[in-house]
1. Among residues belonging to the stretch 342-360 that are within 10 Å of the ligand (Cβ to nearest atom) and assigned to a loop (DSSP other than H, G, I, E, B), point out the one that is nearest to the chain's Cα centre (by Cα).
2. Which of (1) on the phi > 0 side of the Ramachandran plot; (2) exposed (fewer than 15 other Cβ atoms within 10 Å of the Cβ) does residue 179 not meet, given it meets every other one?
3. What pairs can you find where one residue is in the stretch 28-44 and free of Cβ contacts under 8 Å to residues at least 24 places away in the same chain, the other is assigned to a loop (DSSP other than H, G, I, E, B) and surrounded by fewer than 20 Cβ atoms within 10 Å (Cβ to Cβ), and their Cβ atoms are less than 7 Å apart, with a gap of 6+ or different chains?
4. Given the condition part of a helix (DSSP H, G or I), surrounded by fewer than 22 Cβ atoms within 10 Å (Cβ to Cβ) and out of contact with any strand residue (DSSP E or B) (no Cβ under 6 Å at 6 or more places or on another chain), answer yes or no: does some residue in the stretch 293-305 qualify?
5. If you scan the stretch 175-195, which residues turn out to be more than 16 Å from the ligand (Cβ to nearest atom), under 19 Å from residue 217 (Cα atoms) and within 25 Å of the chain's Cα centre (by Cα)?
Ligand code: AHR
């Protein structure tokens, strides 16, 4: 019943490593404490950036990092975050708790973080409360090599050479916290702001427009029509359109969410996993609209905010969005990444929210301690797909059903890398039932197989600062080879990564 059929000879499109991208906002303890501790901290750091976090993130080969927001981006004035730190003005972070932002982590520190991580920067500019000139000057400051007011200012601040900057977002959620705009109005603003975000020297910006929230297909229609097609001289004016979709039980009027990250029953388990799977329909339907205006797929769908969103942990600041992370989050991560892999022809980047201490984080910190979440471990297992060639999979799955929900228990995606190794990631969403899965592999005579599994005995299993390795990957032995057939025995609620070789 549970069968996967694939043929490596049908491998065609590249799974961009940027699908495995991340997002770090000036929100709660993500930047401050989670990443930036300052040079004088007793926590080991390199130029103020904590070393344990960088070391852990390097292992999952972070390909791209989006910053400074989020809602924060449309209130951020980048000039406040350059120059001697003690002289930088403070501001109020109105979106995220009204706390004081001291601007100690600014452009130079962000670029340093990206260099330490070995990833590409993705900067989101301010459309909501910023000017065209301010955005234009930020790009000049970062990327211009010649003599100009902004390049000279950068040099005065200690950086002689420009940085390379490819990914640039023109506003964030401009339908909401980024300005409450209508699609028609934002589309015109986008065209104007994007024009003045210039290419200097051989630096080529990849301009990303604010895209829809969830199933707002009108937004996609208008943006693609007005700026995403080549019917305009010099068009399309964008390289990417950014979709946002969060998985949650229920959104409350103040923007917060219901439901605990760790206290839930099986109804709460299946509800969140089923809602996570909605990403498939969103990607498909937004892509269909994009196909209409951009049949050559010049414009990418960029899912630059996604992940689970629950009520905050008891006793923590309601606007700091600090939540724990269980096996349920691991399943959402695995099934969502499978969806992106399958749609890699249109989806070129995705950025999970957020990197440290906020929402579906990779890492949680407490003082000098850190822990890696089950979601981190899924990202680790899935590194094998970075820039590999996607192999389409046909999946026959039994249903997993409870209450109003009925979902396929099995999810999977596959890719083949340059050495000819076939990697298949699979997950079993059923928390009560193990699942034998038969894989029919064509095009590769499989003689060797290795696997790793992320599993637990409880749906609510998670890592704590006392028990940081309660949920972590283990070698997976339940694999049998017989000619073109590979059989695996998936434990309940598990994520498995297989490497198959000739
Ligand atoms: O990731 C948290 C917030 O969610 C972001 O700031 C915003 O863009 C979205 O609504």
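1. If we take residues in the stretch 342-360 being within 10 Å of the ligand (Cβ to nearest atom) and assigned to a loop (DSSP other than H, G, I, E, B), then 354 is nearest to the chain's Cα centre (by Cα).
2. Only one criterion is unmet by residue 179, namely (2).
3. Listed pairs, sorted by first residue: 37/43; 37/48; 39/47; 39/48.
4. So far as the stretch 293-305 goes, yes, one or more of its residues are part of a helix (DSSP H, G or I), surrounded by fewer than 22 Cβ atoms within 10 Å (Cβ to Cβ) and out of contact with any strand residue (DSSP E or B) (no Cβ under 6 Å at 6 or more places or on another chain).
5. Answer for the stretch 175-195, where residues must be more than 16 Å from the ligand (Cβ to nearest atom), under 19 Å from residue 217 (Cα atoms) and within 25 Å of the chain's Cα centre (by Cα): 183, 187, 190.
Each row is one residue, and each column tells you yes or no for (1) farther than 22 Å from residue 268 by Cα; (2) buried (at least 23 other Cβ atoms within 10 Å of the Cβ).
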| site | (1), (2) |
| --- | --- |
| 314 | no, no |
| 329 | no, yes |
| 334 | no, yes |
| 357 | yes, yes |
| 376 | no, yes |
| 380 | yes, no |
| 386 | yes, no |
| 397 | no, no |
| 402 | no, no |
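Every residue, every condition in (1) modelled with pLDDT under 95; (2) in contact with a helix residue (DSSP H, G or I) (Cβ under 9 Å, 6 or more places away or on another chain); (3) under 30 Å from residue 316 (Cα atoms); (4) within 16 Å of the ligand (Cβ to nearest atom), yes or no:
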| site | (1), (2), (3), (4) |
| --- | --- |
| 256 | yes, no, yes, yes |
| 261 | no, yes, yes, yes |
| 267 | no, no, yes, no |
| 271 | no, no, yes, no |
| 281 | no, no, no, no |
| 291 | no, no, no, no |
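Matching residues to (1) under 27 Å from residue 239 (Cα atoms); (2) without any contact (Cβ under 8 Å) to a residue 12 or more places away in the chain; (3) outside any strand (DSSP E or B); (4) under 15 Å from the mean Cα position of the chain (by Cα):
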{"position": "330", "(1), (2), (3), (4)": "no, no, yes, yes"}
{"position": "364", "(1), (2), (3), (4)": "no, no, no, no"}
{"position": "377", "(1), (2), (3), (4)": "no, no, yes, yes"}
{"position": "384", "(1), (2), (3), (4)": "yes, no, yes, no"}
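The values are calculated or read from the model by the stated rules, or taken from the named source; none is laboratory data. Note that the structure is predicted; figures quoted are calculated from it, not measured. Quick reminder, even Gly has a Cβ in these numbers, built from the backbone with ideal geometry, and neighbours come from all protein chains shown.
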